[in-house]
């Protein structure tokens, strides 16, 4: 059987030549082979990730640690202000002395008793996440290992997907896809990094800041935190595709630059509503998602303005 999904074979086809046809069974057979190869790559990647459980967990909980360090710094500054005003009691002075002595070691991850920071420093936010059940930590790590494995195996998986899809594309269509694909990956990575480094830590900080430790203490489980992490990074990764989506809609002739520019107010309203739906129920996350969307929409307007000369002419009005 001819391997029609091999891009090297499709390269030999003329753009105007009729595409070779495969039976439904042939398509299923090719799909099965591509899926099996992708799964093998993922399983190998999972096995490669498993021995590095501690390193993987450190990477995953880093956004939590970022917000903890910010909050802890503000807490120490508050104790110092109380000391300067003469209102800090003896227990508070002990807390302040400990915080100043061990702060650098804690921030560097070198303090041995970090899991006792809440009791030793008086800062009401735990340094570590908690597991609410015996299996929560293990199951959470399994999901994290799968995500890391998908990232490691992504070159193989993407190639298998591309090899299968390429059978249904002409040469010029493949060229358009390959031209924009690197930018799609770049924007996806930028969105995930923004969610990981900025959106999630500051959203957590806002949620914790809304709590009164005399009535409600901050306590995040591993499962809850991973849900927030994946939801935030995935949402940001999709949001950062806005300029490419705008270009794609312009390329296929569905939306023109003039339309994007004319309806910017409605678009911003939709962005704000979308941010409210796909982020945790607090304003900081919504703002941190909607503001990049607006900036990316502005970038999309610039790109579609540049591509305006290639838009298909409007049909004559009757």
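The values are calculated or read from the model by the stated rules, or taken from the named source; none is laboratory data. All figures in this text were calculated on a predicted structure; none of them were measured in a lab. Glycine gets a Cβ as well: all are built from the backbone with ideal geometry, and neighbour counts include every protein chain shown.
Identify the single condition in (1) more than 29 Å from the chain's Cα centre (by Cα); (2) exposed (fewer than 12 other Cβ atoms within 10 Å of the Cβ); (3) assigned to a helix (DSSP H, G or I) that residue 87 does not satisfy, given that it satisfies every other one.
(3)
Which one of these does residue 211 not meet: (1) within 20 Å of the chain's Cα centre (by Cα); (2) part of a loop (DSSP other than H, G, I, E, B)?
(1)
Report every pair of residues separated by at least 6 positions or lying on different chains whose Cβ atoms are under 9 Å apart, first residue within the range 84-106 and closer than 13 Å to residue 73 by Cα, second exposed (fewer than 13 other Cβ atoms within 10 Å of the Cβ).
Note: pairs meeting the criteria are 102/113; 104/110.
Tell me which residues, restricted to the range 214-232, are touching a helix residue (DSSP H, G or I) at 6+ places or on another chain (Cβ under 8 Å) and outside any loop (DSSP other than H, G, I, E, B). Show your work before the answer.
Of all residues in the range 214-232, those touching a helix residue (DSSP H, G or I) at 6+ places or on another chain (Cβ under 8 Å) come to 218, 220-223, 225-226, 228-232.
Answer for the range 214-232, where residues must be touching a helix residue (DSSP H, G or I) at 6+ places or on another chain (Cβ under 8 Å) and outside any loop (DSSP other than H, G, I, E, B): 221, 222, 223, 225, 226, 228, 229, 230, 231, 232.
Among the residues of the range 305-313, is any modelled with pLDDT of 85 or more, farther than 18 Å from residue 206 by Cβ and surrounded by fewer than 17 Cβ atoms within 10 Å (Cβ to Cβ)? Step through it out loud before you land on a result.
Start the filter on the range 305-313 by keeping residues that are modelled with pLDDT of 85 or more, which leaves 305.
Filter again for farther than 18 Å from residue 206 by Cβ, leaving 305.
The next check asks that each one be surrounded by fewer than 17 Cβ atoms within 10 Å (Cβ to Cβ); those that pass are 305.
Within the range 305-313, one or more residues are modelled with pLDDT of 85 or more, farther than 18 Å from residue 206 by Cβ and surrounded by fewer than 17 Cβ atoms within 10 Å (Cβ to Cβ).
Would you say residue 109 is assigned to a loop (DSSP other than H, G, I, E, B), farther than 18 Å from residue 221 by Cβ and in contact with a helix residue (DSSP H, G or I) (Cβ under 9 Å, 6 or more places away or on another chain)? Reasoning before the result, please.
On the way: assigned to a loop (DSSP other than H, G, I, E, B): yes; farther than 18 Å from residue 221 by Cβ: yes; in contact with a helix residue (DSSP H, G or I) (Cβ under 9 Å, 6 or more places away or on another chain): yes.
For residue 109, the condition - assigned to a loop (DSSP other than H, G, I, E, B), farther than 18 Å from residue 221 by Cβ and in contact with a helix residue (DSSP H, G or I) (Cβ under 9 Å, 6 or more places away or on another chain) - is met.
Tell me, which residue of the range 233-262 that is modelled with pLDDT of 85 or more and part of a loop (DSSP other than H, G, I, E, B) is surrounded by the fewest Cβ atoms within 10 Å (Cβ to Cβ)?
By that ranking, first place goes to 241.
Surrounded by 14 or more Cβ atoms within 10 Å (Cβ to Cβ), at pLDDT 90 or above and within 30 Å of residue 157 (Cα to Cα): which single residue out of 63, 7 fits that description? Spell out how you get there, then give the answer.
On the way: 7 fails: at pLDDT 90 or above.
Sole residue among the options that is surrounded by 14 or more Cβ atoms within 10 Å (Cβ to Cβ), at pLDDT 90 or above and within 30 Å of residue 157 (Cα to Cα): 63.
Select from the range 119-136 the residues that are in a helix (DSSP H, G or I) and out of contact with any strand residue (DSSP E or B) (no Cβ under 9 Å at 6 or more places or on another chain) and write down the one among them that is surrounded by the most Cβ atoms within 10 Å (Cβ to Cβ). Step through it out loud before you land on a result.
So the first thing to find is which residues in the range 119-136 are in a helix (DSSP H, G or I), and the list is 119-121, 136.
Subset that is out of contact with any strand residue (DSSP E or B) (no Cβ under 9 Å at 6 or more places or on another chain): 119-121.
Details: 119: 10, 120: 17, 121: 22.
Filtering the range 119-136 for residues that are in a helix (DSSP H, G or I) and out of contact with any strand residue (DSSP E or B) (no Cβ under 9 Å at 6 or more places or on another chain), the one surrounded by the most Cβ atoms within 10 Å (Cβ to Cβ) comes out as 121.
Where residues in the range 101-115 are more than 15 Å from residue 69 (Cβ to Cβ) and over 31 Å from the mean Cα position of the chain (by Cα), which of them is surrounded by the fewest Cβ atoms within 10 Å (Cβ to Cβ)? Break it down stepwise before answering.
Quick first cut of the range 101-115, residues more than 15 Å from residue 69 (Cβ to Cβ) only: 101, 112-113, 115.
Subset that is over 31 Å from the mean Cα position of the chain (by Cα): 101, 112-113.
Working: 101: 9, 112: 7, 113: 11.
Selected residue: 112.
Criterion first (under 28 Å from residue 45 (Cβ atoms) and either buried (at least 16 other Cβ atoms within 10 Å of the Cβ) or at pLDDT 85 or above (or both)) does residue 222 satisfy it? First the steps, then the outcome.
Numbers: under 28 Å from residue 45 (Cβ atoms): yes; either buried (at least 16 other Cβ atoms within 10 Å of the Cβ) or at pLDDT 85 or above (or both): yes.
Yes; evaluated as a whole, the condition is true for this residue.
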